[in-house]
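Asks: Take a look at the following structure, please.
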Amino acid sequence: MSKKILVFIVSIITVLIAFFFWQKMAFDKGVLKLEIIAPDKVDVGQEFEYVVKYKNNGSITLESPEMYFEYPNGAIIEEGTRIKKVSSEDLGGSIYPGQERTMKFKARLLGAEGETKDAKVKVIFQPQDLKIRNEASSSFTIILDNLPLNLTLDIPQKAGAGKVVTVRVAYSSNVPYPLKDLSCIIDYPSDFQFSYSKPNLLDNKQWDDPILNESDSRKIEIGGILNGEPQDQKVFKAKLGVWQDGKFVVLKETVRGVAIVAPSVKFTEKINNQENYNVNIGDRLHYEIFFRNTGDEELKDQALIIKLEGDSLDYNTITALDGVYQKGDNSLIWDGNQLPELQNLRPGEEGRVEFWINTNRNKMMKGPADKNLFVKTNITLGQIKQEFLNRVNTKLIAVQSLHVDSRYFSDFGPFPVVAGEKTVFTVEWKIKNYYNDTSNAKMVTILPSGLRFVQDNQIVPEGTKVYFDEGTRQLTWEIGSIPAGTGVIDSEMICAFQLSIEPQTIDTDILLIGSAQLSARDLWTNNNVSISTDPIYSK
């Protein structure tokens, strides 16, 4: 190939490339005017429209246009994804010279007040008689103005180190739209020891709200022990937001601080002569409240107010020797007329009051809200306040029964038992658990001599772990965990197995199975709890 031909070919290619880029550049500059029209500011959750306006300012028809509209982060999208594609057909086909059109996109935006939200749009098109495709783009920024959500965090301004602190969170909505997948997250200081919450929180810090309608409100109460040194500042934070694409979008947050103070009065609570007493349903509670002046000044003409809280108490049974009971708010009041120490309590001196109250023996579990019960004592002496929290142990019920009606297995032989004849019968254990989740649960009995554990048949229900130790004659049902509400709001747990006996003589009542003990670890109070059944005899 001659040098001239090679130069000619290179020149032609260069011209074609230059022409291609010239064509592209010619249509990059204002051929399609594209803009988004929307309010500069909108309220959070308010419905509005993005209006996309586009006009062909050129002299060539723009063919096969396609639009891609991208909603801002935090937009409420009923269906589909954040990026909406509008086909050429839906856009009305080719855009002729001078032609102007609009597309509308309804929207609601979620986010914090003052946050900016960017919407973007892009239109891809092909100029007539050209093979290249060109595009135009635009964006628009909206500022989130008013957020009609209310979020409050109520907590004492001051607290003594190691004392119970109650945190109350409340939120409500005036957003004219149902907020879905809402969550309230509470962040605690590192020295806060969580004790309880009403309702129960996920990981002790998150409440998930499937839907919050306009004018709806919610309340959350959290109790725990706050530790620290005097003059420390402990910060609590509550955040309200929604989950979108796996990310938490904060709508509202509030922060409150608590100052750790050295108290001038030390309170001590004893119930049934014990500090940190865990209450049992059925108990009669003897309260003793001690108050000691730990400051440097006398406390004069004071009033002592004790307010009780807890659904497990029977307030009709309260008895106080000197205090005045206020039935409306379940409080007891003492002043200097009933208690001389309240007239003048010198530094280092201590006073004491006492009262009695029964627990509610008929307290039932109706739902998850009745789980993890507690009794709270709120004490006020002048400007000094303190709370004591006592947890309620769960209530276990175990029933042992004997059957010879082949309801689970093939029972046979005479009953009552007869000397010289073999009888095979079924023992059924049923258990209930009321208020708290439990772990390490098991039911144990010792088989009397002459009784044999029939291992040929399967245990009912299938998979139940029942073991018999020939050496100790101990029969054990390994249960594991028993959720709160078992047998109360859910089905009771059942275990059935067979025993056999062939007595040689019958002089007195024969013990067929001794008392069985159900034991477990209460995960709320961290106590070991147990209950025993009655033995069963053949008469």
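The values are calculated or read from the model by the stated rules, or taken from the named source; none is laboratory data. Note that the coordinates shown come from a computational prediction; the quantities given were computed from them, not determined experimentally. So basically every Cβ, Gly included, is an ideal-geometry build from the backbone, and we count neighbours across all protein chains shown.
Asks: So Glu387 clears everything in (1) on the phi < 0 side of the Ramachandran plot; (2) surrounded by fewer than 15 Cβ atoms within 10 Å (Cβ to Cβ) except one condition, right? Which one?
Replies: (2)
Asks: Only one of Asn204, Asn150 is modelled with pLDDT of 90 or more and assigned to a loop (DSSP other than H, G, I, E, B). Can you tell me which?
Replies: Asn204
Asks: Going through the range 27-63 one residue at a time, which ones are small (Gly, Ala, Ser) and either surrounded by 14 or more Cβ atoms within 10 Å (Cβ to Cβ) or in contact with a Phe, Trp or Tyr (Cβ under 6 Å, 6 or more places away or on another chain) (or both)?
Replies: Answer for the range 27-63, where residues must be small (Gly, Ala, Ser) and either surrounded by 14 or more Cβ atoms within 10 Å (Cβ to Cβ) or in contact with a Phe, Trp or Tyr (Cβ under 6 Å, 6 or more places away or on another chain) (or both): Ala38, Gly45, Gly58.
Asks: Kindly evaluate Val123 against the criterion of being surrounded by 14 or more Cβ atoms within 10 Å (Cβ to Cβ) and not assigned by TED's automatic domain parsing to the domain that holds Gln193.
Replies: Considered against the rule, which asks whether it is surrounded by 14 or more Cβ atoms within 10 Å (Cβ to Cβ) and not assigned by TED's automatic domain parsing to the domain that holds Gln193, Val123 comes out as yes.
Asks: Return the residue satisfying two criteria in turn: it lies in the range 462-489 and is within 26 Å of the chain's Cα centre (by Cα) and hydroxyl-bearing (Ser, Thr, Tyr), and of such residues it is surrounded by the most Cβ atoms within 10 Å (Cβ to Cβ).
Replies: Looking at the filtered set, the residue picked out is Thr486.
Asks: Of the residues Gly246, Gly223, which is among the small types (Gly, Ala, Ser) and either assigned by TED's automatic domain parsing to the domain that holds Val375 or surrounded by 17 or more Cβ atoms within 10 Å (Cβ to Cβ) (or both)?
Replies: On inspection, the qualifying residue turns out to be Gly223.
Asks: For the structure I just gave you, tell me whether Lys180 is assigned to a strand (DSSP E or B) and basic (Lys, Arg).
Replies: So Lys180 fits the description; yes.
Asks: From Gln400, Gln383, which residue is in the same structural domain as Ala496 (by TED's automatic domain parsing) and within 39 Å of the chain's Cα centre (by Cα)?
Replies: Unique residue meeting the criteria: Gln400.
Asks: Read through the list (1) assigned by TED's automatic domain parsing to the domain that holds Glu70; (2) in contact (Cβ under 8 Å) with a residue 12 or more places away in the chain, then give the number of the only condition that Lys131 fails.
Replies: (2)
Asks: Among the listed residues Gly463, Gly480, which satisfies the condition of being in contact with a strand residue (DSSP E or B) (Cβ under 8 Å, 6 or more places away or on another chain), closer than 29 Å to Asp522 by Cβ and either of a type in the set (Gly, Ala, Ser) or not assigned by TED's automatic domain parsing to the domain that holds Lys430 (or both)?
Replies: Among Gly463, Gly480, only Gly480 is in contact with a strand residue (DSSP E or B) (Cβ under 8 Å, 6 or more places away or on another chain), closer than 29 Å to Asp522 by Cβ and either of a type in the set (Gly, Ala, Ser) or not assigned by TED's automatic domain parsing to the domain that holds Lys430 (or both).
Asks: Report every pair of residues separated by at least 6 positions or lying on different chains whose Cβ atoms are under 8 Å apart, first residue within the range 449-471 and in contact (Cβ under 8 Å) with a residue 12 or more places away in the chain and more than 10 Å from Ser500 (Cα to Cα), second loosely packed, with under 13 Cβ neighbours inside 10 Å and of a type in the set (A, V, I, L, M).
Replies: Once the first residue is in contact (Cβ under 8 Å) with a residue 12 or more places away in the chain and more than 10 Å from Ser500 (Cα to Cα) and sits in the range 449-471, no partner that is loosely packed, with under 13 Cβ neighbours inside 10 Å and of a type in the set (A, V, I, L, M) comes close enough.
Asks: Right, next: Name the residues in the range 472-485 that are part of a strand (DSSP E or B), touching a residue at least 40 places away in the same chain (Cβ under 8 Å) and of a type outside the set (A, V, I, L, M, F, W, C), would you?
Replies: Gly480, Ser481, listed by residue number.
Asks: Follow-up question, since we're still on this one. Within the range 164-207, how many residues are surrounded by 18 or more Cβ atoms within 10 Å (Cβ to Cβ) and under 25 Å from Gly228 (Cα atoms)?
Replies: 13
Asks: I've got another one for you. Any residue at all in the range 273-291 that is over 28 Å from Trp524 (Cα atoms) and assigned by TED's automatic domain parsing to the domain that holds Met364?
Replies: Yes, that holds for at least one residue.
Asks: Taking the condition outside the structural domain of Gly224 (by TED's automatic domain parsing), more than 20 Å from Val265 (Cα to Cα) and crowded, with 20+ Cβ neighbours inside 10 Å, does Val375 pass?
Replies: Judged against the criteria, Val375 is a match.
Asks: Looking for something within 18 Å of Asn280 (Cα to Cα) and among the aliphatic types (A, V, I, L, M) - is there at least one such residue anywhere in the range 491-513?
Replies: Checked against the condition, which is being within 18 Å of Asn280 (Cα to Cα) and among the aliphatic types (A, V, I, L, M), the range 491-513 yields no hits at all.
Asks: Kindly indicate the residue of the range 276-313 that is among the hydroxyl-bearing types (Ser, Thr, Tyr) and closer than 17 Å to Glu350 by Cα and also surrounded by the most Cβ atoms within 10 Å (Cβ to Cβ) among those meeting that condition.
Replies: Tyr287
Asks: Against the condition under 24 Å from Gln458 (Cβ atoms) and crowded, with 20+ Cβ neighbours inside 10 Å, how does Thr394 come out, does it pass?
Replies: no
Asks: For the range 326-372, give me each residue that is aliphatic (A, V, I, L, M) and surrounded by fewer than 16 Cβ atoms within 10 Å (Cβ to Cβ).
Replies: Once the filter is applied, which keeps residues that are aliphatic (A, V, I, L, M) and surrounded by fewer than 16 Cβ atoms within 10 Å (Cβ to Cβ), the range 326-372 yields Met364, Ala369.
Asks: Something else about it: Return only the number of the condition from (1) of a type in the set (A, V, I, L, M); (2) modelled with pLDDT under 95; (3) within 22 Å of Thr166 (Cβ to Cβ) that Ile271 does not satisfy.
Replies: (2)
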